[in-house]
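**Q** Please find one structure pasted underneath; my questions will follow.
Computed from the coordinates by the stated procedures, all read-outs in this text should not be read as laboratory data. In this text the structure is predicted, and so the values were computed from the model without any measurement. In this analysis, Cβ positions are derived from the backbone assuming ideal geometry, glycine residues included, and neighbour counts consider all displayed protein chains.
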Amino acid sequence: MSSELFGYRPLNTFFHSLDPRVKFAIFFSLTLPAVSWNDPVYLTALLATILAIGGIAKNSFRTTGRFLLYLAPALLFLLVYNLLFYESSIVAARPSWNLAFLFYVIPVKFWVCPCGHVSVESLVYAWGAMDRIIIIVLSGRFLLSVTSPADLTSLMVKLRIPSEITTAINVAFGFLPVSLAQLTGVVEAQRARGWEAKSRNPVTLVRKAIPTIVPVITRSLTRAEFLAAAISSRGYGFDPKRRTYLREIKFKGRDWYTFSFLIGFILVGQAIGAAAWGLGWADYRFTTLILRHLLGLGPPCLWHPLGSC
Amino acid sequence: MMPRKPLLNTKQISVAAVLGGLSLITEAFGLSLPGYLPGVNFNLVGAYLSIATMAAGPLGGIIVTILDSFTSSVGFYGLPFYWPHVFFLALFYKRIYSMKSTAMKVVGYWAVTAIALFIQYWGWFFLYVYVFKFATTIWPLAVYNFVGVIPYATFLAIYAFIPGFVLVTAPNFVRPTWNFPYLKWVTAASIILSAIAVASQAGLR
């Protein structure tokens, strides 16, 4: 049950068979460049890599599509926000040349409008921002789709996280079906009574949520008392420093190879990023220059250092 | 050799586990209050992490945030940005709990939560500006959340209303029997780190 909540499917693929530490290393190798890189060309290549490794791990493209659909309103907000405020808020990341005007978001003459000056540059900036969100979310989903909850706690033990924390997390995973049944039970019971948490007023919204949240929490408090008694009765707490474990994880050959590849990937990525800075193509300029060149908007000096035309 | 003293007792472990599990499920099923931003909702993790911090100390709150991050859309990157709130609440909680007057307890709890939430917010601004690059400076987010009042007020209600209710109606459950070493210094360090992070994103880039 807890596996289903994460989207984990116990399959026999290369990524499923890796050590959880390597899976986390994959997650960070994919998301750290997404944070440090800005240009949509690099980010889109990274996104394609994530989709490809998701395919190798037999992640369903339908599920991925569903996540993207779930993200769509936030992405749309990001797009509109950056189109509206690019000119007034982006200063240093803006290229040295004049922006290539395309159209206004609100073209009507009214008060401070026409406003929302959309340019090739603002579109590229918004594209990069959207790419980044998708990469971070999909990398997280990928990590959880190939890592079982048991692996996650084994990883924490290996990282020498105190046993009290790993025990609590283990208990939580084991307890998820019970908590889920409790939560759905309360929500369904309240819905049967006509409960609905929808309102534009935040105070009303919180007030409407209370009939569901209060019974869920009070039941949880009672359950926690019983659980504590069950844990105590099994002798928990005796010398937590020298606990033994039924299953321990170990690095194998494929883990070392993959880990070395990831280190190389990060180093090459950073080297490309540094080279792009040196050539003046970093920070959205590379994609912008290509698009302007393709649209015939200039500057014609695509290969000119620092792009100053 | 003497065995080391457990960091959490069984009751504290089970409170953190049950509330963390609930938080994880709530996130996984998208059970949240709509209206923060288009496509972004008010999540309910605040209620769970506050009760866990009250009953099990900062470690309890941290466990809830770890479990929540498994299904949160922000993922593991959001994890440390809850911690200044957890430490700040824990720092003042014992004093609030020991107040004799119920009304003073409630007022004190809401006041400490309001400050803790205000501190926590800046870390999240850093996350949205530096990591997600939603905007290039923290100020539009600060204006939206604090000048706009509604987002801050709604989150404050989530973080304080139900935990405050639990504090008044089930005081034995949230009795602070926990201890956390160097809490004052850890809290100060987390606030200073948040301040440095947010200051780095305060200018126009």
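**Q** At 30 Å minimum axial length over the Cα atoms and a Kyte-Doolittle cut of -1.0, report the qualifying DSSP H helices in chain A, or say none. The partial results should precede the final answer.
**A** Details: long enough: A:61-89 (38 Å, 0.98); A:120-146 (38 Å, 1.37); A:163-192 (42 Å, 0.79); A:202-233 (44 Å, 0.85); A:253-279 (39 Å, 0.99).
What comes out of the filter, once short or polar helices are dropped, is A:61-89, A:120-146, A:163-192, A:202-233, A:253-279.
**Q** Starting from the 7 Å offset along Cα-to-Cβ, what nm value, one decimal, do you get for the label separation of A:VAL35 and A:PHE85?
**A** 2.2
**Q** Taking the dipole about the Cα centre of region A:246-298, with the C-beta of Lys and Arg at +1 and of Asp and Glu at -1, give me whichever of A:LEU246, A:THR287, A:GLY269 is farthest to the positive side.
**A** The Cα lying farthest towards the positive end belongs to A:LEU246.
**Q** Hey, can you grab everything whose amide H is under 5 Å from the amide H of B:PHE132? Only 5+ residues off in sequence or another chain; H modelled, so Pro and N-termini drop out.
**A** none
**Q** What stretch of chain A, leaving out the sites themselves, is the longest with no GluC sites (Glu not before Pro) in a DSSP loop having at most 10 other Cβ atoms within 10 Å? Walk me through the numbers before you get to the answer.
**A** Details: sites that count: A:GLU196, A:GLU248.
That would be A:1-195.
**Q** Now for a separate question. For the pairs B:LYS11/B:LYS105; A:LYS158/B:LYS133; A:LYS208/B:LYS100; A:LYS23/A:LYS250, flag any whose C-alpha to C-alpha distance is greater than 22 Å.
**A** With Cα atoms farther than 22 Å apart: B:LYS11/B:LYS105; A:LYS158/B:LYS133; A:LYS208/B:LYS100.
**Q** I need the calculated FRET efficiency for the pair B:TYR130 and A:LEU102, taking r as the beta carbon distance and R₀ as 45 Å, to the nearest 0.05.
**A** Approximately 0.95, to the nearest 0.05.
**Q** When the helices in the protein assembly as shown are scored as -39500 (n - 2.57) per DSSP H run of 4 or longer and the sum is shared across all residues, what 222 nm value do you end up with, to the nearest 500 deg cm²/dmol? Display every interim value, and only then the final one.
**A** On the way: 17 runs with 331 residues, N = 514.
About -22000 deg cm²/dmol.
**Q** Please find, in a Gaussian network model of chain B (springs between Cα atoms separated by less than 10 Å), the residue of B:THR187, B:THR113, B:THR154 whose mean-square fluctuation is greatest.
**A** Residue with maximal mean-square fluctuation among B:THR187, B:THR113, B:THR154: B:THR154.
**Q** Near the amide H of A:ALA100, under 5 Å away, which other amide H atoms are found, from residues 5 or more places off or on another chain, if H is placed in the peptide plane?
**A** A:VAL120, A:GLU121
**Q** To make sure I understand, if each residue's beta carbon is the centre and we count other beta carbons within 10 Å, what order do A:SER154, B:SER50, A:SER148 fall in, fewest to most?
**A** Going from least to most buried by this count: A:SER148, A:SER154, B:SER50.
**Q** For the pair B:ALA111/B:LYS184, report the inter-label distance in nm, with labels modelled 7 Å from Cα in the Cβ direction.
**A** Spacing of the two 7 Å Cα→Cβ label points: 2.0 nm.
**Q** Between A:ALA274 and B:ILE192, what FRET efficiency comes out of the Förster formula 1/(1 + (r/R0)^6) with R0 = 30 Å and r the beta carbon distance, rounded to 0.05?
**A** So the FRET efficiency works out to roughly 0.45.
**Q** Shifting gears a bit: Relative to 2.2 N^0.38 Å, what does the C-alpha radius of gyration of region A:174-247 come to as a ratio? Two decimals please.
**A** Here the answer is 1.62, to two decimals.
**Q** With only alpha-carbon atoms counted, please give the Rg and Dmax of chain A, in Å.
**A** 25.3, 76
**Q** Grab the beta carbon distance between A:TYR257 and B:LYS100, set R0 = 60 Å, and tell me the FRET efficiency rounded to 0.05.
**A** 0.40
**Q** Next up: Using alpha carbons only, how many degrees (0 to 90, rounded to 10) separate the axis of helix B:45-69 from the longest principal axis of chain B?
**A** Approximately 40 degrees, to the nearest ten.
**Q** Are there chymotrypsin sites (Phe, Trp or Tyr not before Pro) in region A:144-241 that DSSP puts in a loop and that have at most 11 other Cβ atoms within 10 Å, and which ones? Present the calculation step by step, with values, prior to reporting the outcome.
**A** On the way: sites: A:PHE173, A:PHE175, A:TRP195, A:PHE226, A:TYR236, A:PHE238; in loops: A:TRP195, A:TYR236, A:PHE238.
Counting only loop positions with at most 11 other Cβ atoms within 10 Å, the chymotrypsin sites (Phe, Trp or Tyr not before Pro) in region A:144-241 are A:PHE238.
**Q** Next up: May I ask for the net charge around B:ALA17, where only other residues with Cβ less than 13 Å from the Cβ of B:ALA17 are counted and Lys, Arg are +1 while Asp, Glu are -1?
**A** -1
**Q** Here is a follow-up. Please compute the net charge surrounding A:THR212, taking Lys and Arg as +1 and Asp and Glu as -1 over other residues with Cβ under 15 Å from its Cβ.
**A** +4
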